[in-house]
Amino acid sequence: MKICVCVKHVPDSAANITIKEKNRFDESITFIMNPYDEHAVEAAVRVKKQVGDSEVIAVSVGKKDTIKTLRSALSMGADRAILIKTNVRPDSVITSRALKGAIEQDGKPDIIFTGKESIDNEGFQTMYRLAAALHMSVASNVMAFSLEHDRVLVECEMEAGATGVMDMPLPCVIGTSKALNKPSYPTLPAIMHAKKKEVKIIDLESLVFEKPMSRIEILELKPAVEERGSKELKGRPEEVVMQLIQILREEGKVF
């Protein structure tokens, strides 16, 4: 079985982001593998162990430094990796088409794992665009997964605490949530061995795919500022309750 897992190189959420030139930020900060993608790698490695005679290929689109995230995937159990190198940060349309091109060039997989979202853009689009481009079924926010022969059964976390159950044929795309599994973080020997595994580098410009009619462009970045204030409510208990209801109605828009 051939298993692909798509990973993204993202800024560490604990990093201090400095905005430069309105729509760029200082990239000298620490970058990591997108946390949701760690669960995708773990799921791919578990399927390999279950099925046997399988190969896990980690794929990513990004700058040259993205190879660090691919090495992390290799140390977690992926067999080899493909980096689609570009000097820009492509939107989900270009990313999905680039992934499709590289994956098809390598040989169509039986299953593709991704994280359900990335913590930088939070677009929730790439897995759906990739599945549509490859004419595959797709499920996202997957919290339970089982593979039986040529079909998968998944449970997806829906809105309002509901759970959706989907039965899909292979090949398909699976967007993993953090509830799916607990990643097995690599040992030192695994990290050292990962340095010897193959990482194929493909220039984005060398891939042949249909150029999109539209694109998403970041015009301006602004720091997220949380403005919080405290307000003391005075009076008898019934008066305080009425004041609280008024605040919830007028300021909180709860009622």
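Ranking of His9, His149 by solvent-accessible surface, largest first: His149, His9 (1.4 Å probe, protein heavy atoms only, all chains present).
How much of the accessible area of the chain, probe 1.4 Å, is carbon plus sulfur, in whole percent?
Working: 7830 of 15090 Å².
Looking at the chain in its full context, I get 52 percent from C and S.
For Val138, the residues whose amide H sits under 5 Å from its own are Val173, ignoring neighbours fewer than 5 places away on the same chain, with H placed 1.01 Å from N.
What FRET efficiency comes out for the pair Val225/His149, r = Cβ-Cβ distance, R0 = 41 Å, nearest 0.05? Each step should come with its number before you reach the end.
On the way: r = 52 Å, r/R0 = 1.28.
The formula returns an efficiency of 0.20 here.
Hey, how many Å between the Cα centroid of region 32-67 and the Cα centroid of region 130-148? Going from one Cα centre to the other spans 15 Å.
Spherically averaged projected area of the convex hull of Cα atoms, the chain: 18.3 nm². The largest accessible area among Met166, Met127 belongs to the first residue in Met166, Met127, and the rest follow in falling order (1.4 Å probe, all chains).
Based on alpha carbons, the Rg and Dmax found for region 83-158 are 13.4, 41 Å. Ellipticity at 222 nm from helices only: DSSP H runs of n ≥ 4 in the chain, each -39500 (n - 2.57), divided by the residue count, give -8500 deg cm²/dmol. Shown in residue order for region 207-224 are the 3J(HN,Hα) couplings computed by the Karplus curve 6.51 cos²θ - 1.76 cosθ + 1.60 at θ = phi - 60°: 7, 9, 8, 5, 6, x, 6, 9, 8, 9, 10, 7, 8, 7, 10, 10, x, 7 Hz (x for Gly and Pro). Taking Lys and Arg as +1 and Asp and Glu as -1, the other residues whose beta-carbon sits under 14 Å from that of Lys211 total 0. Normalising the average separation of contacting C-alpha pairs (under 8 angstrom, six or more residues apart) by the number of residues puts the relative contact order of the chain at 23 percent.
Computed FRET efficiency, Cβ-Cβ of Glu217 and Ala160, R0 25 Å: what is it to the nearest 0.05? Intermediate results must be reported in sequence, preceding the final value.
On the way: r = 34 Å, r/R0 = 1.37.
With R0 = 25 Å, the Cβ-Cβ based efficiency is 0.15.
A simple spin-label model places pseudo-atoms 7 Å from Cα toward Cβ; at Ala132 and Arg24 they are separated by 3.1 nm. Dipole magnitude for region 149-231: computed about the Cα centre from +1 point charges on Lys and Arg Cβ and -1 point charges on Asp and Glu Cβ, it is near 480 debye.
Comparing mean-square fluctuations of Leu244, Leu170, Leu221 from a GNM of the chain with C-alpha springs under 10 Å, the top value falls on Leu244. The accessible-area ordering, largest first, of the residues Glu238, Glu159 stands as Glu159, Glu238, per a 1.4 angstrom probe. Distant-in-sequence amide contacts of Phe113, defined by a placed amide H-H separation under 5 Å and a gap of 5 or more residues or a different chain, comprise Cys4, Val5, Cys6, Ile174. Inter-label distance, Asp12 to Ala179: 3.0 nm, where each label sits 7 Å from its Cα along the C-beta direction.
Can you give the direction-averaged projected area of the convex hull of the alpha-carbon atoms in region 212-255, in nm²?
Values: hull surface 23.8 nm².
Taking the Cα atoms of region 212-255, their convex hull projects to 6.0 nm² on average.
Taking amide H atoms as placed 1.01 Å from N in the peptide plane, the amide H of Lys200 lies under 5 Å from those of Ala81, Ile82, Leu83, each 5 or more residues away in sequence or on another chain. Going Cα to Cα from Lys182, which aspartates and glutamates come in below 12 Å? Please leave out same-chain ones fewer than 8 positions away. The qualifying aspartates and glutamates are Asp37, Glu38, Glu42. Net charge dipole, the chain: roughly 680 debye, given to the nearest 20, about the Cα centre with Cβ charges of +1 for Lys and Arg and -1 for Asp and Glu. Which of Pro186, Pro109, Pro223 moves most in a GNM of the chain, Cα contacts under 10 Å? Largest GNM mean-square fluctuation: Pro223.
Structure remark: mean-square fluctuation, Gaussian network model of the chain, C-alpha springs under 10 Å; the largest value among Asp79, Asp91, Asp53 belongs to Asp53. So what is the diffusion coefficient of region 180-255 in µm² per second by Stokes-Einstein at 10 °C and 1.306 mPa s, using a Kirkwood Rh over Cα pairs? The calculation lands on 76 µm²/s.
The values are calculated or read from the model by the stated rules, or taken from the named source; none is laboratory data. Just so you know, these numbers come straight off a predicted model, no measurement behind them. Positions of Cβ are backbone-derived with ideal geometry, glycine not excepted, and every protein chain shown enters the neighbour counts. Side chains included, ligands, DNA and RNA excluded: accessible areas come from the protein's heavy atoms. Shrake-Rupley method; radii C 1.70, N 1.55, O 1.52, S 1.80 Å.
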